[in-house]
Number of protein chains: 2
Amino acid sequence: MKILKLTMLLLAMGTTQAFAQGAPIFPKGEKAPNVNHVGNVWLYEVHAPDSTFNYGISVATFDPGARLNWHQHPGGQILMIMEGVGYYQEKGKPRQTIRKGDVVKCSPGVVHWHGASPESGVTYLSTTPAQNGKTVWLEKLTEQEYFGGK
Amino acid sequence: MKILKLTMLLLAMGTTQAFAQGAPIFPKGEKAPNVNHVGNVWLYEVHAPDSTFNYGISVATFDPGARLNWHQHPGGQILMIMEGVGYYQEKGKPRQTIRKGDVVKCSPGVVHWHGASPESGVTYLSTTPAQNGKTVWLEKLTEQEYFGGK
């Protein structure tokens, strides 16, 4: 009976420890309205561009299957994948799988989309230079494109 | 005996799970030479400033007790605390404790220092605009200053 209690205690400790260590760094933020994406996406604004730091810093969290439409950033964007597995694709190039620790540098004006994989959500931190203007949203991503078809 | 084996299995599972979930996002990088700091500090360069993204992005990891000397950034700096507990102080102001999830915006030219607390290391991601020049290193941080004295 003592050993069973110990088992349960260790199980509880293990779970608590895993949860504490795996806790996200930043809040999930606000759920984004479904204007330019499919699925559930949350945005947390770490920094809004100003005259000292003229780039936005945000954390985006995608549920499995959630993905943005095609778009481009006039000043480019750097994505740092913090958790999970997602996809990134530039127009005319193959879809890439992106994972925790990956860094993607998207050049100004390059048409692309990104999102979560169907099985796993994805969270990334982005920095987006603001001096050349805001994100330009383009056509809807098709199911076929999302699943890696031509 | 079966219960004991189960205990050990659960303990092993708990440990593995905690380790996997708590794994750092980026590599620890290179150990920095002790020129402008005390203790052990590692640097991982995510992005070196270029003409498209004219700010550096780095991850710095400090062992407990490690701290930088006084310095200033001609273009300012944004610190995002990713793990642990540290200190941040601007010259003439009280020392602040900084924790996972905190964001510190340090204005251009403001003399300051940052580092880990004595009990816990700290890891942060920083973005540092490069257009006005590199970090300017100043006087050594005293023991008294590190421990919050005047």
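The values are calculated or read from the model by the stated rules, or taken from the named source; none is laboratory data. Just so it is clear, the model here is predicted, and its values are computed rather than measured. Backbone-built Cβ (ideal geometry, glycine too); neighbour counts: all protein chains shown. Areas reflect the complete protein model, heavy atoms only, side chains present, ligands, DNA and RNA absent. Shrake-Rupley method; radii C 1.70, N 1.55, O 1.52, S 1.80 Å.
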Within a 10 angstrom radius of each residue's Cβ in B:61-67, how many Cβ atoms of other chains show up on average? Whole number is fine. 0
Simple Cβ-charge dipole of the range A:28-146, Lys/Arg +1 and Asp/Glu -1, about Cα centre, in debye nearest 20: 180
When the Karplus curve 6.51 cos²θ - 1.76 cosθ + 1.60 is applied with θ = phi - 60°, which whole-Hz ³J(HN,Hα) does each residue of the range B:90-100 get, with x for Gly and Pro? 9, 3, x, 10, x, 5, 10, 8, 10, 9, 2
Defining the label point at 7 Å along Cα→Cβ, can you sort the distances from A:L138 to the same site in each other copy, shortest first, in nm? 4.8
Within 10 Å, count the other beta carbons around each residue, average over each peptide in A:81-94, A:57-70, and list them highest first. A:57-70, A:81-94
Say a label goes 7 Å from Cα toward Cβ at B:K93 in every copy; what distances in nm does this one have to the rest, shortest first? 4.0
Kindly sort B:L43, A:L141 by accessible area of their heavy atoms, largest first, with the probe set to 1.4 Å. B:L43, A:L141
Rg/Rh ratio calculated on Cα atoms of the range B:28-146 (Kirkwood radius): 0.93
Entries of A:K28/B:K105; A:K100/B:K91; A:K91/A:K134; A:K134/B:K31; A:K28/B:K134; A:K105/B:K31 with Cα pairs more than 30 Å apart: A:K100/B:K91; A:K134/B:K31; A:K28/B:K134
Long-range amide H partners of A:I98, meaning residues 5 or more apart or on another chain whose placed amide H is closer than 5 Å, are A:G86, A:Y87, A:Y88
Inter-label distance for B:K31 and A:Q96, nm, one decimal - labels placed 7 Å from Cα along Cα-to-Cβ: 3.2
P(r) of the range B:80-150 in 10 Å steps, Cα pairs, percent per bin? 18, 49, 31, 2
Other copies of B:E30: label-to-label distances in nm, shortest first, labels 7 Å along the beta-carbon direction: 4.2
